[in-house]
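To keep things clear, I will list the structure first and then write my remarks on it.
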Amino acid sequence: MGLREYILTRVILTIPMVFILLSIVFFVMRILPGNPVLLRFEKNADPQLIASYTHKLGLDKPLYIQYIDYINDLFHGNLGLSMSGDFSPVAPEIMSRFPATLELAIYSTLVAILLGIGLGVLGVAKRGKVDSAIKLYGIISYATPVFFVGMVLQIVFGVFLHVLPVYGRYDGTPPSGITVAGIHIQTGLYTLDSLLSGNFQAFLNSASHIVLPSIALGVVISGVFVRITRANMLETIRADFVIAARARGLKERTVLLGYALKNAILPVVTVIGLQFAILVSGAVLTETEFSIQGLGLYLVDRVYFRDYTAVQGTVVFLAIIITTVSLLIDIMYAYLDPRVRL
Amino acid sequence: METILSIRNLSVSYYTDEGEARAIRNLSLDVEKGETLGIVGESGSGKSTLALAIMGLLQPPARVKTGSIYYKGRNILSMQGEEIRKLRGKEIAMIFQDPMTSLNPVKKIRDHFIEYITEHMENIDEHKALEIARKMMKSVGISEERLDDYPHQFSGGMRQRVMIALALALNPNLILADEPTTALDVLVEAQILELVKRLKNEFSLTLILITHNMGVVAEMADRVAVMYCGRIVELSKTEELYKNPKHPYTKGLIESIPLLYNRSRKLVSIPGHPPDLRNIPSGCSFHPRCPYAFDKCMNVEPELEKKEDGRYVACHLY
């Protein structure tokens, strides 16, 4: 199977998956007590007003009609209007909030990879007490809830040391990006936008905001990476080709990184892909704790208001993002391991 | 003759939870420059442990208890860090048993050569290293375009050729080949042995050939050391050993080789099993399996001694 067929197959397989997920969300949301109209008004609001809103949102139609209508809209690329607040369209709202989540995801993955792989390798290289401590870190960080790590970081760095901001993404007006050859480039990733516009002050501003949330989320995810890196390193370090490399008198650094790690990293890459889904759920908690206006916070917020369309739209969007990332990781796997030809 | 490698009173043990497994017991051996020394023995006789000890590659739970290994007068066992690293690969190179698993699966063959050569020779850049790699590939009979391939794109025999090319790339003095053809089929085995023979002369190497295959030793070695239970029980010129084996264990090994032209001869196997290395029999460790054993064998361990005909045997019969 060529790379193109592989990607095509994976994309086609994504459709039923997203569809099933969406259907579950669609019905579960409606089974839950409360609905967007009731949550909009006081308890003893005018029944006529409630009926008119219910009609306006199409909630008076039979459930299966609502479902068919929604799916129909979805296939036309329309995520519909929000059912709470000012009934604004869902899609632009998701797009405007996505960069915040993406930025958090990128930096916390980076933290997790650096910490996880770094400590995993260090443990194997040093052995003994260092290794035991790292093993313990792997278990503890994995078992610690992200909001606890976040809270500790907020207290230490924000409240006691006063060195880093503990909420939000930026102080003041966010960086505007850059206009190149008449095209305005604004990614919404503040750290990237500020770098693009060459504003170093703005970069420091945005970077300082992302540090604590990234570490909080990164540390929690790094636990799995530490353990997997360590376990795989311990296995590959006993492999024949590692002993052969030592027998050729290669430097210990080359043996550890070029031989043991380079082969141990493959399963870790797979796990990075799997962890991305966990990362997204962690982002919900992290964004809530650090008041980051990302998709996670949006989702929590909209669930509270039973904003059916907003929740469905967000779930579809996140599902597509997660499957895309896992596809990219699989392609990367093939690139890292020459034996794998997709 | 010049002695290139001299092992003195070497004892190596594996310290496991179930006790101390004595893999090598008080072994002494001299390797002469330019010779091919065959080391034969069953699995578990300590052959591979010996090879790793010579390379200074023993890992816990294995530990050298006593003894020394002198390479050109320097004790390998007391070397550390850069000193031992520079010896490995540059002075003493090793060829491993399983070529399928001895190359890094995620590195191209060319990168195996380049890192190997450049990490030993600071004054050689990648370009020159690649030149050496091309030359080596040619001398083992593989076209140089294949340098760009990954290990999994080679067959077993071809991989062993690559391993040999790698081992010789820095022109070492001593080659340790640990069961180099065990994982290969017979036709390929013959080709590899021919290749090793030819290169040994071409590069004027000293070769230590570790194997359990008596046929391979007969074909290749000038001298043979027979190992049993962590000790050398017999050491002599190959021809003498085959014509007139002295130690009962050697006799057993030779009688257990099937002969195509003499099918009427009964295949004899040595009764019993090699002993558990954690619980080695008293006296001569071979005595429970030895048809000639007498009282002394159970109590006194025979030393490897030079007999009047110039051969070394560790047996009370002589």
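Any read-out appearing in this document is the output of simple, stated calculations on the displayed coordinates, not a laboratory observation. Just so it is clear, the structure is predicted and the values come from calculations on it, not from any experiment. Counting neighbours? That spans all protein chains shown, and the Cβs are built from the backbone with ideal geometry, glycine included.
Restricting A:Thr229, A:Thr173, A:Thr179, A:Thr144 to residues that are among the hydroxyl-bearing types (Ser, Thr, Tyr), closer than 23 Å to A:Phe276 by Cα and surrounded by fewer than 16 Cβ atoms within 10 Å (Cβ to Cβ) narrows the list to A:Thr144. Mind listing whichever residues of the range B:111-142 are touching a residue at least 24 places away in the same chain (Cβ under 8 Å), within 12 Å of chain A (Cβ to nearest Cβ) and among the β-branched types (Val, Ile, Thr)? If the condition is that a residue be touching a residue at least 24 places away in the same chain (Cβ under 8 Å), within 12 Å of chain A (Cβ to nearest Cβ) and among the β-branched types (Val, Ile, Thr), then B:Ile117 is the only one that fits. Residues that are in contact with a helix residue (DSSP H, G or I) (Cβ under 8 Å, 6 or more places away or on another chain) and over 29 Å from A:Ile243 (Cα atoms): list the strands (runs of 3 or more DSSP E) wholly contained in the range B:171-276 that include at least 1 such residues. Where strands (runs of 3 or more DSSP E) fall fully within the range B:171-276 and carry at least 1 residues being in contact with a helix residue (DSSP H, G or I) (Cβ under 8 Å, 6 or more places away or on another chain) and over 29 Å from A:Ile243 (Cα atoms), they are B:231-237. Only a single criterion out of (1) within 29 Å of B:Gly215 (Cα to Cα); (2) out of contact with any Cys (no Cβ under 7 Å at 6 or more places or on another chain); (3) of a type in the set (Gly, Ala, Ser) is not satisfied by B:Ser45, namely (2).
Considering the range B:58-110, the residues that are touching a Leu at 6+ places or on another chain (Cβ under 6 Å) and part of a strand (DSSP E or B) include one that is nearest to the other protein chains (Cβ to nearest Cβ), namely B:Met94. From the list A:Gly188, A:Gly223, A:Gly218, which one is surrounded by 15 or more Cβ atoms within 10 Å (Cβ to Cβ), in a loop (DSSP other than H, G, I, E, B) and under 17 Å from the mean Cα position of the chain (by Cα)? Of the residues listed, the single one that is surrounded by 15 or more Cβ atoms within 10 Å (Cβ to Cβ), in a loop (DSSP other than H, G, I, E, B) and under 17 Å from the mean Cα position of the chain (by Cα) is A:Gly188.
Can you name the residue in the range A:301-342 that is within 14 Å of chain B (Cβ to nearest Cβ) and assigned to a helix (DSSP H, G or I) and, of all such residues, is surrounded by the most Cβ atoms within 10 Å (Cβ to Cβ)? Looking at the filtered set, the residue picked out is A:Tyr333.
For the range B:146-163, the condition holds for at least one residue, the condition being that it is within 14 Å of chain A (Cβ to nearest Cβ), within 21 Å of B:Leu52 (Cβ to Cβ) and not basic (Lys, Arg).
For residues in the range B:272-318 being among the polar types (S, T, N, Q) and closer than 15 Å to B:Gly230 by Cα, which is surrounded by the most Cβ atoms within 10 Å (Cβ to Cβ)? Checking each candidate, the answer is B:Ser285.
Here is a check on your reading of the model: is A:His162 more than 23 Å from A:Ala283 (Cα to Cα), in a strand (DSSP E or B) and without any contact (Cβ under 8 Å) to a residue 12 or more places away in the chain? Judged against the criteria, A:His162 is not a match.
Can you find a residue in the range A:285-299 that is assigned to a helix (DSSP H, G or I), aromatic (Phe, Trp, Tyr), at the interface with chain B (Cβ under 10 Å from one of its Cβ atoms) and crowded, with 23+ Cβ neighbours inside 10 Å? No; the residues of the range A:285-299 include none that is assigned to a helix (DSSP H, G or I), aromatic (Phe, Trp, Tyr), at the interface with chain B (Cβ under 10 Å from one of its Cβ atoms) and crowded, with 23+ Cβ neighbours inside 10 Å. Somewhere in the range A:37-53, is a residue touching a Phe, Trp or Tyr at 6+ places or on another chain (Cβ under 6 Å) and surrounded by 14 or more Cβ atoms within 10 Å (Cβ to Cβ)? There is at least one residue in the range A:37-53 that is touching a Phe, Trp or Tyr at 6+ places or on another chain (Cβ under 6 Å) and surrounded by 14 or more Cβ atoms within 10 Å (Cβ to Cβ).
Checking each residue of the range B:256-271 against the condition of being crowded, with 18+ Cβ neighbours inside 10 Å and within 27 Å of the chain's Cα centre (by Cα) gives at least one match. Candidates are the residues of the range A:247-265 that are among the charged types (D, E, K, R) and surrounded by fewer than 21 Cβ atoms within 10 Å (Cβ to Cβ); the one that is farthest from the other protein chains (Cβ to nearest Cβ) is A:Arg253.
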